[in-house]
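The values are calculated or read from the model by the stated rules, or taken from the named source; none is laboratory data. These numbers come from a predicted model, not from an experiment. For neighbour counting, all protein chains shown are included, and Cβ atoms are generated from backbone atoms with ideal geometry for every residue, glycine included. Each accessible area value is taken on the protein alone, full model and side chains, heavy atoms only, with ligands, DNA and RNA left out. Shrake-Rupley method; radii C 1.70, N 1.55, O 1.52, S 1.80 Å.
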Amino acid sequence: MRVLLLGGTGEARRLAEVLAGEHDVVSSLAGRTGEARLPVGEVRQGGFGGVAGLTAWLDEQGIEAVVDATHPFAATMTAHAVAATSALGLPLLVLRRAGWQEQPGDRWHWVADAVEAAGLLPGLGERVFLTTGRQGLGDFAGTGLWTLARCVDPPEPVPTWCELLLDRGPYELGAELELLRARRIDVLVTKNSGGEMTAAKLTAARELGIPVVLIERPPLPAGVATVETAAEVQAWLAR
Ligand code: NAP
């Protein structure tokens, strides 16, 4: 079966390996991250040009099924995949890793978006560790708090109101503890991305008693079939 795998995550890269040899898979990346780790097999990069562009591309390529393994916060791509597959009558499955779960000792504050997170910060701490990525960084520019922002790629334009730390996971607990202590962080902000690669910051915050502001995931469009594992995607494609 010719399958489009919408990627940009570790899960999508691992899924491309699992499906290689079973299906004719083309992985798609947005093409924005420098030094992106490419999945095995056929890869295309760059946006499709909205719903119309994606619909035309799926048709031209003879795609028979779409698996959306994009990041839980890549809501536009997912909405476009839903619209294009429903226009063509193609099956769509979303592979989405589980969100993080609060544990004893956590001091978590849930918010709907970055603007709400920024509004909450002044009551929680004075030295902020911002791990929400370069998109939407500007929402935090007005807090008046000292901020360290960790991003994979440099934001454009480079912000002058915060310190930047360019780094790419996976992150380990020891290094996260050291970073939080060395920079005297007293509040952490993150999206509820889930997954192991970036979870150590939450354990470090728990150990140090630091409050965490978590941005909720955007909701999935109604009625979209969703699974959490590569094995479930394999079984779905086999059906
Ligand atoms: P988004 O807001 O949902 O999508 C914006 C536009 O980027 C889409 O309309 C599409 O352009 C293009 N696009 C996104 N994912 C694509 C893909 N896999 N292949 C081809 N085009 C894609 O996406 P985003 O949040 O900017 O994320 C971009 C990529 O980074 C995604 O692949 C995602 O998995 C990955 N990522 C995102 C985050 C995050 O926090 N958002 C974190 C880690 C990785 P057209 O309309 O032109 O088709």
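How large a share of the accessible area of the stretch 1-80, in percent, is made up of carbon and sulfur atoms when the probe is 1.4 Å and the other protein chains stay in place?
49 percent
Could you run the Karplus curve 6.51 cos²θ - 1.76 cosθ + 1.60 with θ = phi - 60° over the stretch 134-147 and give me ³J(HN,Hα) per residue in whole Hz, x for Gly and Pro?
Here the 3J(HN,Hα) series is 6, 6, x, 4, x, 4, 9, 5, x, 6, x, 9, 4, 9 Hz.
When the accessible area of the stretch 171-239 is split by element with a 1.4 Å probe, what percent falls to carbon and sulfur?
That fraction is 52 percent.
Once the dipole of the chain is set up with Lys and Arg at +1 and Asp and Glu at -1 on Cβ about the Cα centre, which of Leu93, Asn192, Ala16 lies farthest towards its positive end?
The listed residue farthest towards the positive side: Asn192.
Direction-averaged shadow area of the convex hull around the Cα atoms of the stretch 62-143, nm²?
With the hull built on Cα positions only, its mean projection is 7.5 nm².
If the only charges are +1 at each Lys and Arg Cβ and -1 at each Asp and Glu Cβ, what is the size of the charge dipole of the stretch 121-191 around the Cα centre, to the nearest 20 debye?
Charge dipole of the stretch 121-191: 80 debye, to the nearest 20.
Two decimals is fine: what is log10 I(q)/I(0) at q = 0.10, 0.14, 0.15, 0.16 Å⁻¹ for the chain, from a Debye sum with one equal scatterer on every Cα and no solvent?
Scattering profile of the chain, log10 relative to I(0): -0.52, -0.94, -1.04, -1.14.
Using a 1.4 angstrom probe, figure out how much accessible area the stretch 108-215 has per residue, in square angstrom, rounded to the nearest whole.
Spelled out: the 1.4 Å probe surface of the stretch 108-215, per residue, equals 46 Å².
Report the net charge of residues surrounding Leu90, where surrounding means a beta-carbon distance below 15 angstrom and charges are Lys +1, Arg +1, Asp -1, Glu -1.
-3
How tilted is helix 50-61 with respect to the longest principal axis of the chain? Cα atoms for both, answer in degrees (0 to 90, nearest 10).
Between helix and principal axis, roughly 40 degrees.
Over the alpha carbons of the stretch 133-189, what is the largest minus smallest coordinate on each principal axis, giving the biggest first in Å?
Principal extents (Cα only, largest first): 31, 23, 15 Å.
Could you rank the peptides 17-28, 133-144 by their average count of other C-beta atoms within 10 Å per residue, with the highest value first?
In decreasing order of mean packing, 17-28, 133-144 become 17-28, 133-144.
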